[in-house]
Ligand code: CP
């Protein structure tokens, strides 16, 4: 049987092209399953999974939970804000207490970059990173690349521009790794203050002009301005950001070709993209969310097969 090269999904940096393609092939099967009248398979009846979220989430949390339930795993959910973490319990103590209840796998979102790697080195369970600070969001990058493959037939050879707050974005870093591993060409576009100093080392192009970036690309992935991570002002005002780096329908329609619009959500409507762009036929934003369930089923299924 084909298997992943890793026992955890900590970041796209730690997996290879073979792993990504195996996840995609497995997701193809699960996408067919979740479109059946009975959307469930008995594959993981013997697996228990804890979803531990130290940061808010809509898409990732619900998508993981649904993926686990579609695979017939037992699921427990933990929100740090309602737990004994508020009384000072450490991350390792918290997770070891959860694991002593015979839990096999932990899906964690945390505000600290590196939290998932740290956990994988300190507890005995398979760890899935559901987003760690500004570091990585591997399942988001997998579902993004899977959606490009579905829409355009392949990822290899495609031109993808990632627009916006690259500096604080775990989605940007994971997307850069996954798209490059699959043979796409990647550029970033955004205010200079929101580009990391090490951007050149990642092997991506930098295009400061949004129109030129859109004219170059097949796909534009419009990132959210992460107001909760902006401790200082990185651009003069939201209005000026929207004017320079936001996509509206007039700009989209003025391009010589039809590009694909992606956004990881949640959208600041009228900032990164206007509503008529978000809801246009060029937008695949809800396809991304739909594919997230199949991708997370594939990741969990493949990791679980390594602990059985
Ligand atoms: N894309 C994403 O991670 O969204 P949530 O924060 O709602 O999970």
**Message:** Given the condition out of contact with any strand residue (DSSP E or B) (no Cβ under 6 Å at 6 or more places or on another chain), within 16 Å of the ligand (Cβ to nearest atom) and touching a residue at least 60 places away in the same chain (Cβ under 8 Å), answer yes or no: does some residue in segment 178-189 qualify?
**Reply:** yes
**Message:** If the requirement is being within 30 Å of residue 185 (Cβ to Cβ), surrounded by fewer than 19 Cβ atoms within 10 Å (Cβ to Cβ) and within 16 Å of the ligand (Cβ to nearest atom), which of these qualifies: 113, 138?
**Reply:** 113
**Prompt:** Do we find that residue 102 is in the same structural domain as residue 296 (by TED's automatic domain parsing) and not in a loop (DSSP other than H, G, I, E, B) in this structure?
**Reply:** no
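Conditions tested, residue by residue: (1) more than 13 Å from the ligand (Cβ to nearest atom); (2) crowded, with 17+ Cβ neighbours inside 10 Å; (3) assigned to a loop (DSSP other than H, G, I, E, B).
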site	(1), (2), (3)
51	no, yes, no
60	no, yes, no
63	no, yes, no
86	yes, no, no
94	yes, yes, no
98	yes, yes, no
107	no, yes, no
**Item:** Filter pass, residue 39 being outside the structural domain of residue 224 (by TED's automatic domain parsing) and at pLDDT 95 or above
**Value:** yes
**Message:** Given the options 53, 64, name the one that is over 15 Å from residue 298 (Cβ atoms), in contact with a strand residue (DSSP E or B) (Cβ under 7 Å, 6 or more places away or on another chain) and modelled with pLDDT of 95 or more.
**Reply:** 53
**Message:** Criterion first (buried (at least 19 other Cβ atoms within 10 Å of the Cβ) and more than 18 Å from residue 304 (Cα to Cα)) does residue 130 satisfy it?
**Reply:** no
**Message:** Quick check on my filter: what residues within segment 141-151 are within 15 Å of the ligand (Cβ to nearest atom) and either over 14 Å from residue 171 (Cα atoms) or part of a strand (DSSP E or B) (or both)?
**Reply:** 146, 147
**Message:** It is to be established whether one or more residues within segment 12-22 are within 16 Å of the chain's Cα centre (by Cα) and assigned to a loop (DSSP other than H, G, I, E, B).
**Reply:** yes
**Asked** Could you list, in sequence order, the residues of segment 116-135 that are more than 16 Å from the ligand (Cβ to nearest atom) and not in a helix (DSSP H, G or I)?
**Response** 123, 124, 125, 126, 127
**Message:** Looking at the structure I just gave you, is residue 26 modelled with pLDDT under 95 and outside any loop (DSSP other than H, G, I, E, B)?
**Reply:** no
**Prompt:** Among the residues of segment 250-263, is any at pLDDT below 95, closer than 23 Å to residue 59 by Cβ, crowded, with 21+ Cβ neighbours inside 10 Å and within 16 Å of the ligand (Cβ to nearest atom)?
**Reply:** no
**Prompt:** Which condition number in (1) over 30 Å from residue 45 (Cβ atoms); (2) in contact with a strand residue (DSSP E or B) (Cβ under 6 Å, 6 or more places away or on another chain); (3) surrounded by fewer than 19 Cβ atoms within 10 Å (Cβ to Cβ) is the one that residue 273 fails?
**Reply:** (3)
**Item:** Odd one out for residue 226, checked against (1) without any contact (Cβ under 8 Å) to a residue 60 or more places away in the chain; (2) farther than 18 Å from residue 176 by Cα; (3) within 16 Å of the ligand (Cβ to nearest atom)
**Value:** (1)
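The values are calculated or read from the model by the stated rules, or taken from the named source; none is laboratory data. From a predicted model like this one, the values you see are computed outputs, not experimental measurements. Note that we place each Cβ from the backbone using ideal geometry, even for glycine, and neighbour counts take in every protein chain shown.
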